[in-house]
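Have a look at the structure that comes next, please.
The values are calculated or read from the model by the stated rules, or taken from the named source; none is laboratory data. As the structure is a computational prediction, the values presented were derived from the model and not from experiment. Quick reminder, even Gly has a Cβ in these numbers, built from the backbone with ideal geometry, and neighbours come from all protein chains shown. Heavy atoms of the whole protein, side chains included, go into the accessibility calculation; ligands, DNA and RNA do not. Shrake-Rupley method; radii C 1.70, N 1.55, O 1.52, S 1.80 Å.
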Amino acid sequence: MGRPDPEEGQLPAPVKPPDGGWGWIVLLGCFVITGFSYAFPKAVSVYFKELMKDFHVGYSDTAWISSIMLAMLYGTGPVCSIMVNQFGCRPVMLIGGLLASAGMILASFTTNIIELYLTAGVLTGLGMALNFQPSLIMLGTYFDKRRPLANGLAAAGSPVFLSSLSPLGQVLLEKFGWRGGFLIMGGLLLNCCTCGAVMRPLDMGMKKKMGKAQDKYEAKEMLPIGGKSEDGISTTDGTKKGKKAKKKPKKGKKLLDFSIFSNRGFIIYTISKFILVLGLFVPPILLVNYAKDIGVPDTEAAFLLSIIGFIDIFARPACGMVAGLKWVRPHVAYLFSFSMLFNGLTDICSARASNYTGLVIFCVFFGISYGMVGALQFEVLMAIVGSQKFSSAIGLVLLIEAFAVLIGPPSAGR
């Protein structure tokens with residue numbers, strides 16, 4: 001009575017997000033992972049023209065490479081959720097980085113388009129999926145009050161990498177060919193392992209503090225002052241029993257929580273995202289080849305993706321800051337709805353772009369709308385389901401969106 005039990009007093013509730021500290025390092029890792037996950041499937045499109053010549057295939061065939069990458073990124077969501085809940089974020093991300101790199105390295109030795117689907121598509125896509133989802137989960141555990149800003153800054157990794165990987169891919173293609181470019185890209189993907197290594201579990205520091213508190217408490221109770229030693233022994237025994245009792249519930253831990261489907265907001269979010277994703281990735285994937293077909297030089301065509309990326313760099317953090325305002329955050333779902341409508345209208349108006357100037361104007365507005373969607377999508381999802389169910393929610397959402405990602409770009413290619 002009156003004595004604080006170290007085991008009982010320190011772990012009654014989840015650890016409070018620090019909104020800073022090591023969280024900024026986690027944010028940097030999430031920035032890099034998001035950049036590779038979203039920009040890489042689009043940046044690979046600069047190699048499509050050469051792949052079409054070497055393998056004698058068409059637009060739709062090469063578009064499947066990016067579609068399979070994105071489909072793996074989305075479709076393996078439940079698998080990632082189960083692995084994260086079972087093993088934790090850091091081990092899953094380290095394995096994912098190795099798989100992503102191995103996929104591109106093996107792709108540089110392929111002899112037909114099917115082998116490219118299996119290596120660059122399936123293997124690299126799976127590796128990026130095992131990095132992407134755990135990084136978002138870690139970001140959500142380290143940030144609460146500043147989460148909209150953190151999500152916006154992390155999402156900015158996509159345009160930053162897109163604006164750099166696309167021109168880099170063009171340079172590598174001209175100097176080393178598509179095989180050499182794939183090999184070097186595979187080496188770059190090893191940086192995902194470094195990002196995975198910095199994803200330190202948030203409760204690690206708490207456990208160390210608990211250990212110190214436990215040692216001090218036991219040392220104090222062992223002092224022969226009256227009957228305190230007996231109390232200390234009984235309390236220690238009670239603590240050990242408490243530990244055993246607390247270990248048992250872990251056996252019944254849910255690897256994937258399907259109860260979120262009873263949330264009406266989650267269902268509406270999932271349906272709207274499915275419709276959006278059908279066309280969201282079509283312009284970035286097919287834009288370069290379309291520009292080349294209407295007579296735009298190769299370098300200027302690749303630069304179009306850089307324009308989207310440059311606008312997107314400022315759109316995502318700015319949208320994250322706006323979403324974090326006190327009078328906006330409670331209504332962030334409405335801002336997300338506006339961003340989806342804006343993106344759809346931009347795509348409709350793109351049909352009038354028949355020259356390079358028109359394509360540049362389209363890229364500017366598409367970059368703004370695309371950045372707004374990217375900055376808000378996971379913030380809205382976490383606001384709907386809460387941080388405790390976020391790992392399961394994002395896995396199931398990504399699985400449903402995978403079907404839209406898989407059929408969208410190839411259908412547009414035809």
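Among the candidates Ala43, Ala107, Ala100, single out the residue that is in contact (Cβ under 8 Å) with a residue 60 or more places away in the chain and within 16 Å of the chain's Cα centre (by Cα).
Ala100
What residue, of Leu325, Leu304, Leu345, is modelled with pLDDT of 80 or more and closer than 23 Å to Tyr47 by Cα?
Leu304
Further, regarding this structure: Could you check the stretch 49-65 and list, in sequence order, the residues that are open to solvent by 60 Å² or more (accessible area, probe 1.4 Å), at pLDDT 80 or above and of a type in the set (Phe, Trp, Tyr)?
Within the stretch 49-65, Trp64 is the sole residue that qualifies.
Looking only at the stretch 311-360, count every residue that is open to solvent by 50 Å² or more (accessible area, probe 1.4 Å), part of a loop (DSSP other than H, G, I, E, B) and not polar (S, T, N, Q) and tell me the total.
Residues flagged as open to solvent by 50 Å² or more (accessible area, probe 1.4 Å), part of a loop (DSSP other than H, G, I, E, B) and not polar (S, T, N, Q) within the stretch 311-360 amount to 3.
So Gly320 fits all but one of (1) more than 18 Å from the chain's Cα centre (by Cα); (2) at pLDDT 80 or above; what number is the exception?
(1)
Something else now. In the set Phe182, Phe161, Phe176, Phe143, which member is open to solvent by 60 Å² or more (accessible area, probe 1.4 Å) and aromatic (Phe, Trp, Tyr)?
After ruling out the rest, the residue left standing is Phe176.
Cβ-Cβ below 6 Å, separation at least six or inter-chain, first residue in the stretch 193-205 and open to solvent by less than 50 Å² (accessible area, probe 1.4 Å), second modelled with pLDDT under 90 and in a loop (DSSP other than H, G, I, E, B): which pairs?
The qualifying pairs are Leu202/Val15.
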